[in-house]
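> Please find one structure pasted underneath; my questions will follow.
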Amino acid sequence: MESIETFGNKDTRSGFGEGLAELGARNENVVALCADLTGSLKMNAFQDAFPNRFFQVGIAEANMMSMAAGMTIGGKIPFTGTFANFSTGRVYDQIRQSIAYSQKNVKICASHAGLTLGEDGATHQILEDIGMMRMLPNMTVIVPADFNQTKQATIAIADHQGPVYLRFGRPVMPIFVKPDAVFQIGKADIIQKGTDVTIIACGHMVWKSIEAAQLLAAKGISVELINMHTIKPLDEAAILKSVAKTKCVVTAEEHMANGGLGEAVARVLASKTPAPQEFIAVNDSFGESGKPMDLMEKYGLGATHIEAAAQKAMQRKG
């Protein structure tokens, strides 16, 4: 595998914060709402620059979603900000009834998702949110891979008409998406072309998959690596084109195996072109308190786990 150019290290939530501030200067209809986590969501720059368009609702997430839905009626484009657990599990009824059902133009921006929330533990490490949100009609679901892509996605969803769930996180990770890359909703990024095995990943797991591809390349295995940043609508064409070459797939996500990227890909394969698939995800378990990267290893989300899954998928080919 050719070496991947990187552009430093930064957390994806900072990409959201920068993108939101840039949007505020571009579009006066963009407003932001936060549930008492302005610093954690990196929304300070927007708040400072546009205080009349920033609404601190306090620890009242359900009210925040209802307020955001109402604001769209007047032509505003609300971006809500809180932890992923509070952006979905705590307010699912409000999202379903007031936003998704009526196709309100609300951008639900969710930080601190998955195991990499770390020491806050299982109660905050939501691993079901992608599944919950992709099941909702009219909802677009996006899980960008690094700082640059999170910034690009934040800006892009303002032009998309309809509700969006944007998921990002807390840990500092390598930046590998080019600063001038164009983010296209529903269009996967092919990081590397290959012939032996396809790896499809989202979020922090894209970098872990890059590391795994390097390990596999050292063994002479050619990996086709896909950054599937949009979970819904899913880029089925990219999946089918890749599997036509490699004949096997590994999916990697910082999420429960149930309901997430892996099952979305499996549905495409089952209905269009059955092929062996291995799942890198949390296996029907809550998380726990710990250092983010230690948790990733313990729960089977490390680069060596992806490497082993790729070899297993290749062995299953007919």
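> Please identify, among ILE221, ILE306, ILE210, the residue showing maximal mean-square fluctuation in a Gaussian network model of the chain using a 10 angstrom Cα cutoff.
With Cα springs under 10 Å in the chain, the top fluctuation among ILE221, ILE306, ILE210 is at ILE221.
> Could you give the angle, 0 to 90 degrees to the nearest 10, between helix 261-272's Cα long axis and the longest principal axis of the Cα atoms of the chain?
With both axes taken from Cα atoms, the answer is about 60 degrees.
> Compute the helix-to-body angle for 147-157: its Cα long axis versus the longest principal axis of the chain, expressed 0 to 90° and rounded to tens.
Helix 147-157 sits roughly 60 degrees off the main axis of the chain.
> Where does helix 12-26 land angle-wise versus the long Cα axis of the chain, in degrees 0 to 90, nearest 10?
So the helix axis and the longest Cα principal axis differ by about 50 degrees.
> Pairs on different chains or at least eight residues apart, Cα atoms closer than 21 Å: how many lysine pairs in the range 127-237 fit?
Counting lysine pairs in the range 127-237 gives 12.
> Below 8 Å, C-alpha to C-alpha, sequence gap of six or more: please give me the relative contact order for the chain in percent.
Numbers: 746 pairs, mean separation 59.0, N = 318.
Taking the mean separation of contacting Cα pairs over the length of the chain, I get 19 percent.
> Same structure again: Assuming a viscosity of 1.306 mPa s and a temperature of 10 °C, what translational diffusion coefficient in µm² per second does Stokes-Einstein assign to the range 9-174, Rh being the Kirkwood radius over Cα pairs?
Details: Rh = 15.2 Å.
Rounded to a whole number, D works out at 104 µm²/s.
> Could you sort the peptides 8-18, 172-182 by per-residue average Cβ neighbour count (10 Å cutoff), highest mean leading?
Values: 8-18: 20.7, 172-182: 15.3.
The densest-packed peptide leads the list: 8-18, 172-182.
> Still on this model: By average Cβ neighbour count within 10 Å, what is the ranking of 295-301, 311-317 from highest down?
Highest-to-lowest ranking by the protection proxy: 295-301, 311-317.
> Further, regarding this structure: Using mean Cβ contacts within 10 Å as the protection proxy, how do 120-133, 259-272 order, highest first?
Top to bottom by mean Cβ count within 10 Å: 120-133, 259-272.
> Project the alpha carbons of the range 170-259 onto their principal axes and report the range along each, largest first, in whole Å.
33, 32, 28
> How far apart, in nm, are the 7 Å Cα→Cβ label points at ALA60 and ALA181?
My value for the distance between the label points is 3.9 nm.
Every number in this text was worked out from the coordinates using simple rules, so none of it is lab data. Computed from a predicted structure; not experimentally measured. Methodologically, a virtual Cβ is constructed for each residue, glycine included, from the backbone with ideal geometry; neighbour enumeration extends over all protein chains shown.
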